[in-house]
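Report on the following structure.
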Amino acid sequence: MSRQDQLSIPTTAISGSGELDGDDLLLQLNLRVRLDEIADVEAEQLRASARRPPSRKELCALAYKIYNSRRIRERIVGRRLFGEPAWDMLLALYCLPPRGEMLTVTGLNYAANVNQTTGLRWQKTLTDLGLIERGPAGIDRRKMLIRLTQPGRELMLRLLTRLFQYEPRPWPDGEARELEANGTGAIQ
């Protein structure tokens, strides 16, 4: 809502003597006061939401929403048109472990929806950049788990926070209530 610095007097409200009718003047003043109050409330809400950093739960939900939307897009359009394996891997490593899904080398390739050769090449690139690392071996010692490094987590935190700021509500109200109710931090 924008503010106006002065009242505009409608020509229909001017009587033959050139003065505003008392009711019209009161109506305009009340309207101006209400508009100023609304503008102040909206400005305060914008300031408050801009200052509040998103929670880990909100960022995981946003990352999962982005990850799932990319899977839906691939099913509809196909992955040959839109291919970003590194981004898919980073999203998966950020949002899936908090949901209890630990990723192995092969599992990360599946999560990014790429073949093993392409996936290994991208994993090497991300490892060389210091964004991911092979972690402890899983229950089956032949399977090595993959995780984000501290710089990788910080990168995802910065990117997702920036995306969160552009999307004031990362989910519809019903999903937000569901998240709070089940405490998972991910959209079901």
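Being modelled with pLDDT of 85 or more and of a type in the set (Lys, Arg) is the filter here; which residues of the stretch 142-166 pass it? Don't jump to the end; show me each part of the working.
Taking the stretch 142-166 and keeping what is modelled with pLDDT of 85 or more, we get 144-161.
Arg147, Arg153, Arg158 - these are the residues of the stretch 142-166 that are modelled with pLDDT of 85 or more and of a type in the set (Lys, Arg).
Could you tell me whether Tyr94 is among the hydroxyl-bearing types (Ser, Thr, Tyr) and within 18 Å of Leu157 (Cα to Cα)? Spell out how you get there, then give the answer.
Details: among the hydroxyl-bearing types (Ser, Thr, Tyr): yes; within 18 Å of Leu157 (Cα to Cα): yes.
For Tyr94, the condition - among the hydroxyl-bearing types (Ser, Thr, Tyr) and within 18 Å of Leu157 (Cα to Cα) - is met.
When you scan the stretch 52-95, how many residues do you find that are over 18 Å from Leu163 (Cβ atoms) and part of a loop (DSSP other than H, G, I, E, B)? Quick ask: steps written out before the conclusion?
First pass over the stretch 52-95, keeping only residues over 18 Å from Leu163 (Cβ atoms): 74-81, 83, 85.
Filter again for part of a loop (DSSP other than H, G, I, E, B), leaving 78-81, 83.
Within the stretch 52-95, residues that are over 18 Å from Leu163 (Cβ atoms) and part of a loop (DSSP other than H, G, I, E, B) number 5.
I'd like to check something: does the stretch 97-107 contain any residue that is in contact with a Phe, Trp or Tyr (Cβ under 6 Å, 6 or more places away or on another chain), closer than 20 Å to Glu154 by Cα and surrounded by 22 or more Cβ atoms within 10 Å (Cβ to Cβ)?
Keep residues of the stretch 97-107 that are in contact with a Phe, Trp or Tyr (Cβ under 6 Å, 6 or more places away or on another chain), which gives none.
No.
Checking Asn113 against (1) in a loop (DSSP other than H, G, I, E, B); (2) at negative phi, which test does it fail?
All conditions pass for Asn113, except number (2).
Would you point out which residue out of Arg121, Arg134, Arg142, Arg153 is part of a helix (DSSP H, G or I) and farther than 16 Å from Pro85 by Cβ?
On the way: Arg121 fails: farther than 16 Å from Pro85 by Cβ; Arg134 fails: part of a helix (DSSP H, G or I); Arg142 fails: part of a helix (DSSP H, G or I).
Only one candidate passes the filter, namely Arg153.
The values are calculated or read from the model by the stated rules, or taken from the named source; none is laboratory data. All values derive from a computational prediction rather than experimental measurement. With ideal geometry, Cβ positions are generated from the backbone for all residues, glycine too; neighbour counts draw on all protein chains shown.
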